[in-house]
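Undergrad: Handing you this structure, nothing more for now.
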Amino acid sequence: MTSRVFTTRPGFGPVVEGTALVSRDAFSPRYDLDRDVGVVSRAGHDLEGRSIAGVIVVVPAAKGGVAAGWSLYDLRQRGIAPLAFVFTRVNPVFVQGCVHAGIPIVHGVRPDPVSALHELARGGPLRLRVDPPGRRVSVLLPDPAAKEAKE
Amino acid sequence: MILTPEEEAMRAGEMGPAVQWAIEHQIEVGRVLGARRLVPVSRAHMMGDMEVLGESGFAFLQSLRRQNARVRVTTTTNARCVDFAFAERLRQDPRLVAREAELRKTLSRMGVILSDTCINYQTLDQPHFGQHIAWGDTGTVIYANSVYGARTNFESGPAALAAGLTGRTPMYGFHRPKARRGRIIVEVKARLVDLADWGALGAIVGRHLNDYWQVPVFTGIEEPVSGDELKHLGAALASYGSLAMFHIVGVTPEAPDLETAFQTTGRLPAPGLRIDDAAINAVYDAYAAQAAQPRGGGRGDDPDLVVFTAPQLSVFELAQVAALLDGRRVRRGTTFIVTTNAQNRQAAADLGYLQTLREAGVLVLTGVCFYLMALPDMRRRFGWRSLLTNSAKVANIIGGYGMRSVLRRTAECVEAATEPRSRGAAAHTDGVRRD
């Protein structure tokens, strides 16, 4: 059975709702992203070719180094940042970068959101509610925006 | 979070809006990551170049400067994206170059020392045991924590600058003794004969753990171990696994024995990983196989580009590469780049290594790291498809830039990129023009 509500450690930012983009691979803006356009560029990455703009990015872990600190701010200022980040395990850089950029972030999510949400996402677009002050991530089904777009 | 009266004054804006921004940033980060207070730091080391900042980051720093921002503790800069002496030759975007020059002035006016190096720990600044610092660039962090026993988390550009402005950082993670405890034993049975082997070891362990909060404890590695070897191990652990600390029993200061490394008098875990020669060779084979795929273009033994960087080279590495290149020149159609910092470049010039490298046709770049140099643009301009390197970190990063990378031992890289040179013959001058 798939969990629909996840608990998190203390997060940052306001409550947001949006479409989820779920990756089984760890993520770094330097290692994996074409930062000019906000599209995942690393060959073989679970999100290769997908845009992270305006969606809730759900990833198991942060990857690599310190670039997220400045680059998330730059992505946000150019209107191509994610709506929020949901991390199973985070490193400080993503927290620092999200705080600087004003992007909501939660981490220490239980149960593991990646496997649960990846499975759910296979059935169609997923809509999530990320609630950093309440330390919760909830699945809102179905995704009305995606349904309308299809119709 | 508990704040001192001085910190409360910073938060209230009594020391200006720049310091207020900085401490509010730190309080928020500390809240998310479980800090109950801030800890004074004596050093900050920040990443801040145009490639990663972008126009918006540049504007942000300009606004801080207009608010009279000035660092309170010694703050140095990491490797940058432009070596001004080579910008034209490398066909870097003139707008990027101009902005980078302006950015340097801005940082300098804020009191930041433009050290432009990712190996500050080898040349400029050796922190002492237990010293709290706020360093950025993951390679500097893991070296400071593991080899010097200093205390720092990964501090991204804005976070390190905030630490420079307040003289503090949130007290969480590797500032606390508990986080520094070993979590897994890695038994090394492999012979590590080249810097690339140490990087490959870091790649295996980093990939396996892939969690900032993990701390591997290596056994089976005996002295003598050089600083450059530890540098490549740390850089790869940080790159592949986002790790900030490791121990080597009998080598690093917080691991005289396993019990001390694990901070226990009780039972120790069984080895969680065993690394032998076959495992190290498998890292090389995997990169070679990847590069041989049809979409990769270029092969490891016929590379467009050979790069020794990440981290910048020490004097000893420059000496080794110069010795390998003596009597050889870079092949036509191949570009050979090494990067170092200003201090090591001067030393290499004094010792004659720089001349040997130049005569062979190598581009020796200063104050930069290759992957920071707006690489997608350069790749398109020069048509580069494949890169050969002895740096596991670069091999890992380059995949996101649309190039295929091959990891090889240092001498193998030089062999693939060069050919014997008869006395008096000049270096080839095609591709990227050379000195």
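Undergrad: What are the residues in the stretch B:54-79 that are among the charged types (D, E, K, R) and touching a Leu at 6+ places or on another chain (Cβ under 7 Å), if any?
TA: Kept after step one, since they are among the charged types (D, E, K, R), are these residues of the stretch B:54-79: B:55, B:65-66, B:70, B:72.
If the condition is that a residue be among the charged types (D, E, K, R) and touching a Leu at 6+ places or on another chain (Cβ under 7 Å), then B:72 is the only one that fits.
Undergrad: Touching an Asp or Glu at 6+ places or on another chain (Cβ under 7 Å) and in a helix (DSSP H, G or I) - does that describe any residue in the stretch A:68-75? I'd like the intermediate steps shown before the answer.
TA: Going residue by residue through the stretch A:68-75, those that are touching an Asp or Glu at 6+ places or on another chain (Cβ under 7 Å) are none.
For the stretch A:68-75, residues touching an Asp or Glu at 6+ places or on another chain (Cβ under 7 Å) and in a helix (DSSP H, G or I): absent.
Undergrad: What number of residues within the stretch B:379-422 satisfy the criterion of being outside any helix (DSSP H, G or I), within 14 Å of chain A (Cβ to nearest Cβ) and either closer than 13 Å to residue B:195 by Cα or of a type in the set (Val, Ile, Thr) (or both)?
TA: Selection size over the stretch B:379-422: 1.
Undergrad: Given the criterion in a loop (DSSP other than H, G, I, E, B), surrounded by fewer than 16 Cβ atoms within 10 Å (Cβ to Cβ) and either without any contact (Cβ under 8 Å) to a residue 12 or more places away in the chain or over 25 Å from the mean Cα position of the chain (by Cα) (or both), identify the matching residue among B:349, B:426.
TA: On the way: B:349 fails: in a loop (DSSP other than H, G, I, E, B).
After applying the criteria, what remains is B:426.
Undergrad: Going residue by residue through the stretch A:59-76, is there one that turns out to be of a type in the set (Phe, Trp, Tyr), free of Cβ contacts under 8 Å to residues at least 60 places away in the same chain and either within 14 Å of another protein chain (Cβ to nearest Cβ) or surrounded by fewer than 23 Cβ atoms within 10 Å (Cβ to Cβ) (or both)? Please lay out each step first, then the result.
TA: Taking the stretch A:59-76 first, the residues of a type in the set (Phe, Trp, Tyr) are A:70, A:73.
Next, from what is left, pick out any that are free of Cβ contacts under 8 Å to residues at least 60 places away in the same chain: A:70, A:73.
If we keep only those that are either within 14 Å of another protein chain (Cβ to nearest Cβ) or surrounded by fewer than 23 Cβ atoms within 10 Å (Cβ to Cβ) (or both) too, we end up with A:70, A:73.
The answer is yes; a qualifying residue exists.
Undergrad: Taking the condition basic (Lys, Arg) and touching a helix residue (DSSP H, G or I) at 6+ places or on another chain (Cβ under 6 Å), does residue B:72 pass? So that I can check it myself, show each step before the final result.
TA: Details: basic (Lys, Arg): yes; touching a helix residue (DSSP H, G or I) at 6+ places or on another chain (Cβ under 6 Å): no.
So residue B:72 does not fit the description; no.
Undergrad: Okay, next question. If residue B:244 passes every condition in (1) more than 14 Å from chain A (Cβ to nearest Cβ); (2) under 15 Å from the mean Cα position of the chain (by Cα) but one, which one does it miss?
TA: (1)
Undergrad: Would you mind stating whether residue B:156 is touching a Leu at 6+ places or on another chain (Cβ under 6 Å), small (Gly, Ala, Ser), at pLDDT 95 or above and farther than 30 Å from residue B:270 by Cβ? Step through it out loud before you land on a result.
TA: Values: touching a Leu at 6+ places or on another chain (Cβ under 6 Å): no; small (Gly, Ala, Ser): yes; at pLDDT 95 or above: yes; farther than 30 Å from residue B:270 by Cβ: yes.
So residue B:156 does not fit the description; no.
Undergrad: Taking residue B:329 as the residue in question, decide whether it is at pLDDT 95 or above, among the basic types (Lys, Arg) and within 20 Å of residue B:432 (Cα to Cα).
TA: Values: at pLDDT 95 or above: yes; among the basic types (Lys, Arg): yes; within 20 Å of residue B:432 (Cα to Cα): yes.
Against the criterion (at pLDDT 95 or above, among the basic types (Lys, Arg) and within 20 Å of residue B:432 (Cα to Cα)), residue B:329 qualifies.
Undergrad: Evaluate the following for residue B:203: is it touching a helix residue (DSSP H, G or I) at 6+ places or on another chain (Cβ under 7 Å), modelled with pLDDT of 95 or more and surrounded by 21 or more Cβ atoms within 10 Å (Cβ to Cβ)?
TA: On the way: touching a helix residue (DSSP H, G or I) at 6+ places or on another chain (Cβ under 7 Å): yes; modelled with pLDDT of 95 or more: yes; surrounded by 21 or more Cβ atoms within 10 Å (Cβ to Cβ): yes.
So residue B:203 passes the test.
Undergrad: Among the helices (runs of 4 or more DSSP H) lying completely within the stretch B:1-73, list those that include at least 2 residues that are in contact (Cβ under 8 Å) with a residue 24 or more places away in the chain and more than 14 Å from chain A (Cβ to nearest Cβ).
TA: On the way: elements: B:5-11, B:17-33, B:50-66.
Counting at least 2 such residues, we get B:5-11, B:17-33.
Undergrad: Mind checking which residues of the stretch A:13-31 are touching a strand residue (DSSP E or B) at 6+ places or on another chain (Cβ under 9 Å) and buried (at least 24 other Cβ atoms within 10 Å of the Cβ)?
TA: Of everything in the stretch A:13-31, those that are touching a strand residue (DSSP E or B) at 6+ places or on another chain (Cβ under 9 Å) and buried (at least 24 other Cβ atoms within 10 Å of the Cβ) turn out to be A:20, A:21, A:22, A:26, A:27, A:28.
Undergrad: Restricting to the stretch A:3-38, name every residue that is closer than 13 Å to residue A:50 by Cβ, acidic (Asp, Glu) and out of contact with any Leu (no Cβ under 8 Å at 6 or more places or on another chain).
TA: A:34
Undergrad: Turning to a different aspect of this structure: Which of the residues spanning the stretch B:82-113 are among the aliphatic types (A, V, I, L, M), farther than 18 Å from residue B:363 by Cα and touching a residue at least 24 places away in the same chain (Cβ under 8 Å)?
TA: B:96, B:103, B:107, B:110, B:112, B:113, listed by residue number.
Undergrad: Further, regarding this structure: Would you please name the residue that is nearest to the chain's Cα centre (by Cα), looking only at residues in the stretch A:10-46 that are within 9 Å of chain B (Cβ to nearest Cβ) and under 23 Å from residue A:135 (Cα atoms)?
TA: A:26
Undergrad: Continuing with the same structure: If you check every pair at least six apart or on different chains, which have Cβ atoms under 7 Å apart with a residue in the stretch A:92-103 that is more than 7 Å from every other protein chain (Cβ to nearest Cβ) first and a residue that is surrounded by fewer than 24 Cβ atoms within 10 Å (Cβ to Cβ) and assigned to a helix (DSSP H, G or I) second?
TA: A:101/A:76; A:102/A:76; A:103/A:76
Undergrad: On to the next question. Which one of these does residue B:99 not meet: (1) closer than 21 Å to residue B:23 by Cβ; (2) within 14 Å of chain A (Cβ to nearest Cβ)?
TA: Result: residue B:99 passes all but (1).
Undergrad: Answer yes or no: is there a residue in the stretch B:82-94 that is in contact with a helix residue (DSSP H, G or I) (Cβ under 6 Å, 6 or more places away or on another chain), more than 14 Å from chain A (Cβ to nearest Cβ) and among the charged types (D, E, K, R).
TA: Checked the stretch B:82-94: at least one residue is in contact with a helix residue (DSSP H, G or I) (Cβ under 6 Å, 6 or more places away or on another chain), more than 14 Å from chain A (Cβ to nearest Cβ) and among the charged types (D, E, K, R).
Undergrad: Under the condition of being closer than 20 Å to residue A:30 by Cα and among the aliphatic types (A, V, I, L, M), which residue from the stretch B:120-160 is surrounded by the most Cβ atoms within 10 Å (Cβ to Cβ)?
TA: Let us first name the residues in the stretch B:120-160 that are closer than 20 Å to residue A:30 by Cα, namely B:135-142, B:153-160.
Now restrict to residues that are among the aliphatic types (A, V, I, L, M): B:141-142, B:159-160.
Working: B:141: 29, B:142: 30, B:159: 31, B:160: 34.
Ranking the candidates gives B:160 first.
Undergrad: Additional query: Please give the number of the condition residue A:80 fails out of (1) more than 9 Å from every other protein chain (Cβ to nearest Cβ); (2) farther than 30 Å from residue B:290 by Cα; (3) crowded, with 24+ Cβ neighbours inside 10 Å; (4) free of Cβ contacts under 8 Å to residues at least 60 places away in the same chain.
TA: (3)
Undergrad: Could you please find all residues in the stretch B:361-377 being among the hydrophobic types (A, V, I, L, M, F, W, C), within 14 Å of chain A (Cβ to nearest Cβ) and not in a loop (DSSP other than H, G, I, E, B)? Working first, answer last.
TA: If we filter the stretch B:361-377 for residues that are among the hydrophobic types (A, V, I, L, M, F, W, C), which is where we start, we get B:362-365, B:368-370, B:372-375.
Checking the rest, the ones that are also within 14 Å of chain A (Cβ to nearest Cβ) come to B:369-370, B:372-375.
Residues satisfying the conditions are B:370, B:372, B:375.
Conditions tested, residue by residue: (1) within 17 Å of the chain's Cα centre (by Cα); (2) of a type in the set (Val, Ile, Thr); (3) away from chain A (no Cβ under 13 Å).
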| site | (1), (2), (3) |
| --- | --- |
| B:126 | yes, no, yes |
| B:129 | no, no, yes |
| B:132 | no, no, yes |
| B:146 | yes, no, yes |
| B:155 | yes, no, no |
| B:165 | no, no, yes |
| B:179 | no, no, no |
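The values are calculated or read from the model by the stated rules, or taken from the named source; none is laboratory data. Just so it is clear, the structure is predicted and the values come from calculations on it, not from any experiment. Please note: Cβ atoms are built from the backbone with ideal geometry, for glycine as well, and neighbour counts cover all protein chains shown.
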